[in-house]
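The structure appears right after this line, and notes come after that.
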Amino acid sequence: MRLVDSKKLFELQNKPSNIRNICIVAHVDHGKTTLADSLISSNGIISQRMSGKLRYMDSRPDEQERGITMKSSSIALYHALDSNEYLVNLIDSPGHIDFSSEVSTAVRLCDGAIVVVDVVEGVCPQTKLVLKQAYSENIKPVLVLNKIDRLIVEMRMTALDAYVHITQVLEQVNAVTGELFASEVLENEENTIDKQQVNLPSKEDQNLYDWTSALEDADDSNLYFSPDQGNVVFASAIDGWGFTTHTFAKLFSDKLGVKEELLKKVLWGDFYLNSKTKRFMKGAQEKAKKPLFVQVVFDNLWNIYETIILRNDKQEVPGICEKLGIKLTTRDLRHTDARVQLQSLMMQWLPLSQTVLNMVCSKLPSPKEILPEKVEKLMCSRIRDFDSYLDETKILKDDFLACDSSNNRPLIIFVSKMFSVERSSLPENKPKALTAEEMALRREKARQMREELKNSVNTDAISMSKETDSPEEKCTEDEKGKEEKEEQSETTFIAFARIFSGKVRKGDKVYVLGPKHDPSKILSTADFKVDFSKKLKDLQSDEHITCAEIKSLYILMGRELEEIDEAVSGNIIGIGGLEDHILKTAILSSSLACPAFSEIQYAAVPILRVAIEPTCPSQLPQLVKGLRLLNQSDSCVQVLLQETGEHVLVTAGEVHLQRCLEDLKIYAKIPLTVSEPIVPFKETIVDPPKMDMANEEIDSQNIDKGNDTEQDPVVTIYTNNKQSRIKIRARPLPNEITELLDRSSDLLKAISQHIKYLQGISNENIETKFTDLQINGKSNLSDRMLKLIEAFITELENICTKLGPEWQDIVKQIWSVGPRNCGPNLLLNQTEDYSTKYLHHEKILKEDSRFEYEGSFVNGFQLATLAGPLCEEPMMGVAFCVEEWTLDKSENDETHSFGLSGQIMSAVKEGCRRAFQLQPQRLMAAMYSCDIVVDQKVLVASAVPMAFLCAHLTLARTGRKTSWRNVSLDPKGLRIH
C-alpha cells in the first residue's frame with residue numbers, strides 16, 4: 001500500500017531546498033535496479049519481499065526478459081530525516097554500453113548520483129565511464145559497495161580478507177576520481193596561466209612553471225569516497241540491507257562506552273581496540289591486529305551469514321533476533337528457505353532504503369545549491385566563453401543560481417529527451433473512480449429503465465423495433481469503439497525535463513529553443529518576431545525557435561504518471577503536448593535571451609547499421625511514420641535516407657538494434673524486412689608499397705619496366721563550360737595529423753560555422769558583401785575560441801616539424817576540413833595566385849573574382865569526402881592538394897556563366913574522387929574493444945586467447961556483438977585491416 005499520496009508530493013515540490021534530484025549509475029549487473037526496488041519499497045509502492053524480483057523501474061517486456069535496464073525512468077519518493085521531509089526524484093539508468101546515451105540524458109537533469117560497484121567484480125569499464133560522466137556534469141556522487149554477500153557465500157572469504165578486498169576496490173574507485181580531478185585542475189591552471197601572460201610582460205623565466213603546485217593547492221577534501229565521511233554504503237541490495245560506518249557508530253557507542261563522534265572517526269581505517277587499555281590505537285597492520293571495522297562490523301555480519309545461510313542452523317535464529325532486538329514472525333521462523341529468514345532479519349536490523357536515503361538527503365546537494373561552474377558549463381559549449389554572451393544572457397546566470405519560482409523570474413526548462421507512452425495510459429484517459437453521488441444516480445436510472453420495461457404493453461413490438469434498429473446501432477457503436485481503441489493505442493510523447501528557474505502552469509505558452517539556438521544573433525536582429533503558427537517541421541535551416549502551449553504536466557512515478565496543474569523550479573517533471581516542437585532535446589523558456597544548453601556528450605556513437613523496408617511495399621508511409629517516431633523517442637539512434645531511397649537505421653550495438661526494431665514494429669504496426677547488420681567502413685589511401693606480399697623489395701625484382709608508364713597523380717579537370725580549370729592531387733595524411741583532426745572535431749566545426757557566418761548567402765553584389773561581412777577584417781571570435789585555435793595551430797606545427805619538409809607549410813595551406821566541416825580530411829591550397837584563411841582569421845586578403853565561388857569549391861570537397869569511390873563511405877586521413885585553380889569568366893557572356901557555381905562543385909567532387917583512385921586505396925574497419933569476464937573455474941590458458949582472437953575476427957567481419965558481459969565499440973579507434 002502506497003504510504004504517501006500525490007498531494008503530499010506536490011506540497012514537497014514547492015520546497016526546492018528539500019528536493020534531491022539523483023540518478024543511480026553503475027556497470028551492467030552491478031545491482032542498480034535492485035537497489036531502486038529497495039528504495040521504492042520504502043514508500044509502500046511495492047512490497048519489501050518483492051524488491052529485487054519485481055524490477056519495478058524496468059517497465060518494458062524486453063527489459064524484464066533480458067534482466068537489464070534499457071530506458072532511464074524516474075520516480076518521486078518521500079523520505080523523512082530528522083523532522084525534515086524530503087522529495088527524492090530518483091532516476092534509474094542503464095548500465096549496458098549500448099544505452100549509455102540514456103545515462104547522459106539522466107545525469108544532465110540531476111544534482112547528485114549514486115555510484116553502485118559490485119565488490120566482487122570491482123571497477124569495470126562502465127564504472128569508469130559513469131564516473132567521468134558524473135564528473136563532467138559537476139554532480140556530486142556517493143558510493144554504494146554492493147553484493148557483499150557474495151564475498152561470504154560465493155567467494156568464502158574471511159572477514160579480514162573481505163575487508164582488505166573492499167579497501168582495494170575503494171582505492172580503485174578513488175583512483176579514477178583522482179585522475180579526473182587532476183586533469184581538470186591542470187586544465188584550469190593552463191587557462192589561468194594564459195590569462196596572466198596576456199597582462200604580464202614577457203620574461204624568460206615565465207617559461208618555467210611548477211605544475212605540481214596547482215594540485216597541491218587544490219581542495220580535494222570532499223572529493224574522494226571515504227566511509228568515515230559517511231558517503232560510502234556497504235550493502236547487499238538483493239538481501240535488502242546496507243549500512244555506513246555512522247550506522248554502527250550509533251549502534252555500538254553505548255556498548256563500547258565511547259562517544260559516537262569518536263567512534264565515527266576510528267571505525268574505518270588502520271585502528272584497532274587494545275583489549276588491555278580499552279583504547280583505540282593506530283597501526284593495526286603493523287602490529288598484525290584485527291582492524292576495528294572487522295571486529296565491530298564484519299565479524300557480526302559473517303556470524304549471521306554463517307549461522308543462517310552456510311550452516312542453516314534454525315535454532316540459533318531466535319537467539320540472534322533477541323540480541324539484535326528484532327522480532328520475526330512465526331511464518332519467517334518456520335520458513336524452509338534460509339534466504340527468506342536472512343532477508344527478514346537484515347531488513348529490520350540494517351534497512352538498506354533508510355540508510356541510502358539518509359545519505360542522499362544529508363550528503364547530496366539540493367537544486368538551490370547548484371554551482372556557478374555547472375551553470376556556465378550548461379550555458380556554454382566547450383569552445384565558447386561565457387563572457388562572449390550579451391548582457392541579457394549573462395543575467396540569466398543569477399536566475400539559475402537562485403532556483404526561484406517567483407513571477408518575476410524567467411522560465412527555464414531543459415528537456416533532455418522525449419519518451420513515448422500509450423495515450424490510454426495517460427492519467428486523463430484512465431477511468432476514474434465514481435463518487436457516491438454518481439453511483440446513486442446510475443442506480444436510479446437503472447431502476448427507472450426496469451420499470452419502463454415492465455409497464456410496456458406491447459413487448460413484442462418493442463422487441464421487433466429493437467431488432468430492426470439494432471444492426472444500425474451496432475454498426476455505429478462498433479465504429480465508435482474502433483475509433484476509441486485506435487485513439488487510445490496511439491503513441492504520444494512526454495518530455496523528460498527539469499525546471500531550472502521560474503514556474504510553469506498548464507496552458508502557458510513558451511518559446512521552444514532548439515539545440516542550435518544562438519541568442520546573440522536573435523538579440524542583435526532588429527524587429528525579430530517569432531511565427532507562432534510554425535512547428536518544428538515548418539522551420540527553415542536557420543530558424544530554431546517555435547512557440548508551444550503546455551498541455552499537461554506530470555509527476556513521474558516510474559510506470560505511472562500523476563497529473564498536476566503547475567510545477568516550480570528544481571523539479572523533474574514530464575510535459576505533454578510538445579511532440580510537434582521537439583525532436584530530441586530543447587529549451588523551454590519565456591525569454592529569447594536564454595541560450596541552448598551545451599550538447600550532451602554521448603559515450604557510445606551509433607555505428608551499427610541496417611537497411612529497413614516494409615514487407616509489403618504499399619506500406620512505406622507507415623514505415624516512414626514509424627521511423628520518425630523512433631528517431632524522436634531514442635536519443636542515440638540515427639535514421640538516414642540514402643540517395644538510392646533506402647531507409648537506414650544506425651544504432652549503438654546489437655542489443656540497442658534489437659530494442660529499436662521492437663519499438664519500430666510497435667510504431668509502424670507493419671511487418672518489416674531487415675538486412676544483416678554491418679559496421680560502416682572508412683575509405684583512405686596509403687603510400688605506394690615498397691614490399692610485396694612476400695616481403696620482398698619491389699625495386700630489386702627482375703621486372704621489365706620498359707613498357708610501364710607511371711601515371712601522373714595530379715588530376716586536371718574542367719567545368720562543363722570550360723571557364724574553370726582545377727588541378728588536384730591526393731596524398732595520405734600521417735596518422736598524427738589524422739588523430740589531431742579527429743580529437744579537434746568540435747573546434748573545427750565551430751571554425752567552419754564562423755566562416756559560413758562571415759560569408760553568409762546574400763543577394764547583394766560581391767563588393768558590398770565583403771564590406772558587410774568583414775571577410776577581409778579580423779573576425780569577432782571570443783578569446784577562448786582564439787586560444788583554442790592557437791593551441792591547435794601550435795600542436796599541428798609541432799607535428800609537422802617532426803614529419804619532414806613536405807608538411808612544413810600545412811598550417812598556412814589549410815582551406816577546409818571534411819566531411820561535414822569537422823572530419824579527418826584536409827583540403828590544402830597550394831596554388832600560387834589564390835589566398836585563403838581558414839585558421840588565420842586576422843589575415844588580410846586581396847579581392848579576387850574567385851571569392852564568389854569559394855563556397856562551391858569547398859562544398860565539392862565536402863561531398864567527395866562524405867562518400868568515397870570504393871563503397872560510398874566517408875574518407876579518412878586524405879589530403880587533397882589544389883595546385884591550380886583558374887577562372888576565365890566572361891562578363892558579357894551570361895549564357896555560359898549560368899550555373900557556374902554548381903559546375904565548380906561537381907568538378908571539384910569528381911576531381912577529388914579521381915585523384916583518390918590514382919593512389920593505393922584501402923578500406924578501414926572499426927576496431928572493437930572487448931572485456932571478457934569469466935569465472936576462475938573455466939579459465940583455461942589456451943581457451944581465452946583463442947576466444948578473444950575469434951571474437952575480433954567475427955565482430956570485424958559481421959558487425960555483431962556477443963552475449964559477453966561488456967562489449968564496447970570505440971569508433972575513434974579505426975585501424976587498417
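The values are calculated or read from the model by the stated rules, or taken from the named source; none is laboratory data. What you see is a predicted model, and the numbers here were worked out from it, not measured in a lab. Methodologically, a virtual Cβ is constructed for each residue, glycine included, from the backbone with ideal geometry; neighbour enumeration extends over all protein chains shown. To get the accessible areas, we keep the full protein, side chains included, count just its heavy atoms, and leave off ligands, DNA and RNA. Shrake-Rupley method; radii C 1.70, N 1.55, O 1.52, S 1.80 Å.
Before moving on, here are some points about what is shown:
- Residues that are open to solvent by less than 40 Å² (accessible area, probe 1.4 Å) and assigned to a helix (DSSP H, G or I) were ranked within region 368-384; the one that is nearest to residue 187 (Cα to Cα) is 374.
- Within region 817-844, the residues that satisfy the criterion of being outside any loop (DSSP other than H, G, I, E, B) and modelled with pLDDT of 90 or more are 817, 825, 826, 827, 828, 829.
- Region 888-927, subset basic (Lys, Arg) and touching a helix residue (DSSP H, G or I) at 6+ places or on another chain (Cβ under 6 Å), residue modelled with the lowest pLDDT: 889
- Scanning region 540-562 for residues that are small (Gly, Ala, Ser) and free of Cβ contacts under 8 Å to residues at least 12 places away in the same chain yields a single hit, 541.
- Flag if residue 650 is of a type in the set (A, V, I, L, M), surrounded by fewer than 22 Cβ atoms within 10 Å (Cβ to Cβ), at pLDDT 90 or above and more than 22 Å from residue 494 (Cβ to Cβ): yes
- The set of residues in region 385-399 being assigned to a helix (DSSP H, G or I) and surrounded by fewer than 19 Cβ atoms within 10 Å (Cβ to Cβ) consists of 386, 387, 388, 391, 392, 394, 397, 398.
- Boolean, residue 572 is in contact with a Cys (Cβ under 9 Å, 6 or more places away or on another chain), open to solvent by less than 10 Å² (accessible area, probe 1.4 Å) and not small (Gly, Ala, Ser): yes
- For beta carbons closer than 6 Å, sequence separation of 6+ or different chains, a first residue in region 672-699 that is aliphatic (A, V, I, L, M) and a second that is at pLDDT below 85, the qualifying pairs are 678/959; 679/926; 679/959; 698/692.
- The residues on offer are 799, 789, and the sole one that is part of a helix (DSSP H, G or I), modelled with pLDDT of 90 or more and more than 23 Å from residue 866 (Cα to Cα) is 799.
- Any hit, region 375-394, residues being at pLDDT 90 or above, more than 20 Å from residue 516 (Cα to Cα) and not charged (D, E, K, R): no
- Residues being in a helix (DSSP H, G or I), more than 30 Å from residue 299 (Cβ to Cβ) and in contact with a helix residue (DSSP H, G or I) (Cβ under 6 Å, 6 or more places away or on another chain) - total across region 135-181: 3
- Enumeration of residues in region 120-130 that are among the hydrophobic types (A, V, I, L, M, F, W, C) and either crowded, with 23+ Cβ neighbours inside 10 Å or over 21 Å from residue 220 (Cβ atoms) (or both): 120, 124, 129, 130
- Test: residue 417 is of a type in the set (D, E, K, R) and under 20 Å from residue 585 (Cβ atoms): yes
- Pairs where the first residue, in region 734-749, is assigned to a helix (DSSP H, G or I) and the second is of a type in the set (Ser, Thr, Tyr), C-beta under 8 Å, 6+ apart: 746/381
- Flag for residue 362 being over 30 Å from residue 748 (Cβ atoms), touching a residue at least 24 places away in the same chain (Cβ under 8 Å) and either surrounded by fewer than 21 Cβ atoms within 10 Å (Cβ to Cβ) or under 27 Å from the mean Cα position of the chain (by Cα) (or both): yes
- Under the condition of being at pLDDT 90 or above and under 30 Å from residue 674 (Cα atoms), the residues counted in region 583-607 number 3.
- Single residue of region 1-41 satisfying the filter (assigned to a loop (DSSP other than H, G, I, E, B) and among the hydrophobic types (A, V, I, L, M, F, W, C)) that is surrounded by the most Cβ atoms within 10 Å (Cβ to Cβ): 28
- Condition met for residue 55 (at positive phi and either of a type outside the set (Val, Ile, Thr) or not in a loop (DSSP other than H, G, I, E, B) (or both)): yes
- Of the residues making up region 649-663, not a single one is out of contact with any helix residue (DSSP H, G or I) (no Cβ under 8 Å at 6 or more places or on another chain) and not hydrophobic (A, V, I, L, M, F, W, C).
- Residue within region 600-616 that is under 25 Å from residue 535 (Cβ atoms), crowded, with 23+ Cβ neighbours inside 10 Å and under 21 Å from the mean Cα position of the chain (by Cα) present: no
- Tally, over region 55-101, of residues that are among the small types (Gly, Ala, Ser), open to solvent by 10 Å² or more (accessible area, probe 1.4 Å) and over 19 Å from the mean Cα position of the chain (by Cα): 4
- Scanning region 42-53 for residues that are among the aliphatic types (A, V, I, L, M) and open to solvent by 60 Å² or more (accessible area, probe 1.4 Å) yields a single hit, 50.
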